[in-house]
Every structure is written in C-alpha cells, then in structure tokens.
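Here the structure is laid out as structure tokens; the discussion comes afterwards.
The values are calculated or read from the model by the stated rules, or taken from the named source; none is laboratory data. Note that this is a predicted model, so its numbers are computed, not measured. Cβ coordinates were reconstructed from backbone atoms using ideal geometry, including for glycine residues, and neighbour counts include every protein chain displayed.
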C-alpha cells in the first residue's frame with residue numbers, strides 16, 4: 001500500500017526545474033475506507049454538507065455513507081440524479097447549483113467520473129470544498145483539477161478547477177462495481193502508453209515541457225495495473241481492483257504536478273472524446289469513457305506503427321498546403337453542431353497553418369530516427385489485445401458501436417479538439433492522414 005503523504009500535501013523540487021505539488025489533503029484507499037469520513041469532516045468543522053449522487057451510485061455506497069454520518073450526528077442534505085445515463089453537461093451542473101442549500105461548505109460526491117466532474121465544477125463555482133467517495137475504478141480524473149463537460153454540444157475541458165479535498169475509496173465497494181466499469185478504468189490506464197509517447201513526441205518536435213519523473217510515476221502505475229489485469233481482475237480480487245484505483249489516482253496526481261492533462265491524455269483520448277460527441281449528438285453517450293479510450297489505444301498503436309513505417313521510407317516531406325476553406329467544410333460535416341467551437345480553436349491556435357507545419361516538419365526530419373525508435377518502443381497491438389481479451393474488455397470499435405466512418409473521422413479530425421501535438425498531428429503535418437487512416441481502417445476490419 002502506498003503512503004499517499006509522499007505524493008500529496010507537499011512541494012517536490014524536481015530535476016525538470018519545476019516544483020510539483022498536489023494540494024489534496026487525503027487519499028484513502030482501503031477496505032471499509034468510508035469509516036474515515038466523519039474524521040475528515042470534523043477536521044474543518046464543515047456545517048452545511050450536501051451529498052451528490054445518482055440512482056446507481058447511491059445504491060452502491062449511499063447507505064454506508066448515510067449511516068456513518070447519522071451515527072456520528074452529522075447532518076446533511078442530498079440531491080440524487082434520477083438519470084440512468086447521466087451526462088456531465090451544463091444542465092446537470094445547473095441542477096446541482098439549483099438544489100444545494102445556501103451556504104453549502106462541503107459537497108460529498110458518491111460516484112465516479114460524471115459525479116466527480118460535476119462536483120469539481122460546482123465546488124469551484126460556489127467556492128466550497130468537495131470529497132469524492134469512489135464507487136468504481138472507472139477513470140483517471142479523481143485527483144485531477146480538470147472538469148470536462150459538454151457545453152453547447154462541444155466537449156469542453158475546464159482546467160484549474162481545483163481538486164477534491166479527500167478521495168475516499170472503499171475497496172469492498174469497488175470490487176463489486178460493474179465489471180464494465182472496472183475494465184473501463186483499466187482501458188483508461190492502458191491509454192497512458194500512447195499519451196506518454198505523444199508527450200515525448202511533442203517534446204522532441206515542439207520543445208514542449210517534459211518531465212521524466214512524472215513519466216516514471218505514470219509508467220509505474222501502468223505496470224501495476226497491467227499486473228492486476230493479468231492476475232486478479234477477472235476474479236474481482238479486492239487487492240487487484242484496489243491496484244487499479246491506485247493507478248487511476250496517481251494519474252490524477254500526475255496531472256496536478258504537470259498543471260494539465262498531458263501525462264494522462266493524448267491521441268487515444270482525443271478519438272474517444274470525438275466519438276462521445278457524436279454519440280451525444282445522436283442521443284446517447286455510448287459506452288464508458290475509459291472503454292472508448294481502450295479501443296482508441298489499440299487504434300493509436302496501429303497509427304504509430306504505420307507512421308513509423310512511413311518515416312523509415314521517407315527521404316523528404318511534401319510542402320505544406322492547408323486548404324482552410326475545405327478544412328472548415330469538413331469540420332462542419334464531421335462535427336455538426338460542435339463545429340463552431342472547433343473552428344474557433346484553430347483560429348486561436350493556428351496549429352494547421354503552413355508556417356507552423358513547416359517548422360514542425362523540420363524538427364521531424366532532424367529527429368526522425370528518434371521518433372521511429374519512440375514508436376517502436378510501444379507495446380505491440382497483439383500484446384494489448386491479448387491483455388484486454390483476458391479481462392473481457394472491448395478492443396474493436398464495433399464492440400462499442402463505433403462505426404468505421406467514426407473511426408476514420410476520429411483518426412483524421414479528432415486532433416482538432418485540442419491544441420496538443422501527438423501522432424494525429426504528426427500524420428497531418430506529413431500529409432499522410434488519408435492514406436494511414438485507410439490502411440488502419442482495413443486492419444481494424446480484419447480484427448477478430
């Protein structure tokens with residue numbers, strides 16, 4: 001078991017030149033962890049407490065929470081979403097703000113990704129603390145300070161929103177979470193293979209800040225989760241499920257150290273976010289975020305392999321020629337009502353302009369061998385599929401209702417969601433998007 005005080009509530013002078021800090025007070029991951037809740041509440045003498053949950057998460061841990069509070073004479077109000085498929089959008093955030101009592105000084109979220117994001121956004125808005133009582137090891141955002149919400153049909157990531165004061169994880173609750181939520185968390189962690197490679201790639205090509213210490217922390221978490229996936233998850237072993245949760249918590253802490261989501265989100269997440277937007281435009285969210293990330297990871301590994309092959313064969317690159325009008329028409333086609341936000345981002349970032357592409361291509365040519373080596377260090381697709389099959393996690397797009405059109409559009413256009421360099425932007429810069437997308441789609445269609 002980790003000593004979480006080594007990671008939180010202290011300043012870490014790093015060789016990268018930055019001082020890393022995660023300003024949470026508590027991370028408590030153990031059997032019967034909810035019993036610690038009154039102690040944490042009394043530390044700051046919170047007076048007006050509101051519990052936020054949905055019908056599913058209340059069923060998982062609500063009664064435990066209510067009993068421990070009532071047994072200790074702690075009063076509370078609550079707001080329980082009745083949605084069976086809760087979406088983290090402006091409507092949901094507004095409902096919380098409408099229903100919480102005036103003067104609320106502590107929100108206690110019971111749930112996982114959506115509840116955590118909504119509580120973070122709301123606590124920042126009303127200037128109150130929040131605790132999260134995790135009900136599933138399903139995503140890596142518990143300890144982060146970003147809140148991704150759907151706003152005007154566009155996936156919008158709000159940064160610097162603050163972190164939970166306490167993360168409380170009862171592994172006895174966690175091991176009984178729906179298996180698809182457990183495997184979603186594992187998929188989210190497996191995505192770190194890609195995002196950490198994207199980060200190193202960006203450092204090589206654009207000079208973006210990079211920290212070896214943060215990367216090492218994340219790779220250590222990935223190794224622990226991979227070991228749990230290989231032995232214990234299928235059997236719902238409490239320690240193995242706890243190891244997944246520890247890895248997810250570390251990912252969030254790593255994000256707080258870096259000041260953004262770079263250590264935990266890359267091309268695999270961008271494709272997942274794009275698919276989620278398309279699903280929502282058609283009236284549903286699709287499968288859980290981490291499950292989509294797991295499938296996105298398989299696709300991104302294929303993209304890295306194909307890109308490395310083409311880099312090996314390339315002696316030069318075509319001169320950049322960004323047809324902005326054609327690009328905007330395509331963005332309107334593939335993003336629908338979310339297109340204005342995507343187009344506005346490019347207006348600000350100018351990431352696709354010929355001048356900026358040419359600058360990056362000069363660095364790609366200079367560091368070609370290093371980039372190829374980076375891609376070849378990634379796990380093989382066969383190894384990742386074998387590992388995901390072992391825990392019955394989806395690895396093909398068709399298993400999560402992502403069509404081949406969505407796959408192809410994600411490969412080509414998901415990069416437009418963020419101004420963040422990775423393999424998707426590398427393919428664009430080199431002029432290989434269409435060709436690699438077609439080749440990878442053919443590979444995916446042959447997967448069994």
Segment 261-284 - residue that is within 17 Å of residue 335 (Cβ to Cβ) and part of a loop (DSSP other than H, G, I, E, B) and, of those, modelled with the highest pLDDT: 282
Candidate set: segment 325-339, residues that are free of Cβ contacts under 8 Å to residues at least 12 places away in the same chain and surrounded by fewer than 16 Cβ atoms within 10 Å (Cβ to Cβ); chosen: the one farthest from residue 274 (Cα to Cα): 325
Unmet requirement for residue 421, which otherwise passes all of (1) surrounded by 14 or more Cβ atoms within 10 Å (Cβ to Cβ); (2) within 30 Å of residue 234 (Cα to Cα); (3) in contact with a helix residue (DSSP H, G or I) (Cβ under 6 Å, 6 or more places away or on another chain): (2)
Test: residue in segment 227-238 that is buried (at least 20 other Cβ atoms within 10 Å of the Cβ), under 20 Å from residue 135 (Cβ atoms) and touching a strand residue (DSSP E or B) at 6+ places or on another chain (Cβ under 7 Å): no
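Okay, residues lined up against (1) touching a residue at least 12 places away in the same chain (Cβ under 8 Å); (2) within 27 Å of the chain's Cα centre (by Cα); (3) part of a strand (DSSP E or B):
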{"residue": "39", "(1), (2), (3)": "no, no, no"}
{"residue": "61", "(1), (2), (3)": "yes, yes, no"}
{"residue": "70", "(1), (2), (3)": "no, no, no"}
{"residue": "74", "(1), (2), (3)": "yes, no, no"}
{"residue": "84", "(1), (2), (3)": "yes, yes, no"}
Residues located in segment 118-153, provided they are surrounded by 24 or more Cβ atoms within 10 Å (Cβ to Cβ) and out of contact with any helix residue (DSSP H, G or I) (no Cβ under 9 Å at 6 or more places or on another chain): 120, 123
Residue in segment 225-235 that is at positive phi and free of Cβ contacts under 8 Å to residues at least 40 places away in the same chain present: yes
Test: residue in segment 342-358 that is at pLDDT below 95 and assigned by TED's automatic domain parsing to the domain that holds residue 397: no
The one condition in (1) under 13 Å from residue 183 (Cα atoms); (2) out of contact with any helix residue (DSSP H, G or I) (no Cβ under 9 Å at 6 or more places or on another chain); (3) part of a helix (DSSP H, G or I) that residue 216 fails to fulfil: (1)
Selection count, segment 340-362, where residues are in a helix (DSSP H, G or I), within 14 Å of residue 431 (Cα to Cα) and touching a residue at least 40 places away in the same chain (Cβ under 8 Å): 3
Lone unmet requirement of (1) modelled with pLDDT of 95 or more; (2) assigned to a helix (DSSP H, G or I); (3) within 21 Å of residue 137 (Cβ to Cβ) for residue 66: (3)
Residues within segment 41-59 that are more than 17 Å from residue 111 (Cα to Cα) and either in contact (Cβ under 8 Å) with a residue 24 or more places away in the chain or outside the structural domain of residue 25 (by TED's automatic domain parsing) (or both), tallied: 5
Residue under evaluation residue 232, criteria (1) within 17 Å of residue 421 (Cβ to Cβ); (2) not in a helix (DSSP H, G or I), criterion not met: (1)
Matching strands (runs of 3 or more DSSP E) fully within segment 87-193 where at least 1 residues are modelled with pLDDT under 95 and either under 17 Å from residue 252 (Cβ atoms) or not assigned by TED's automatic domain parsing to the domain that holds residue 400 (or both): 147-151, 154-158
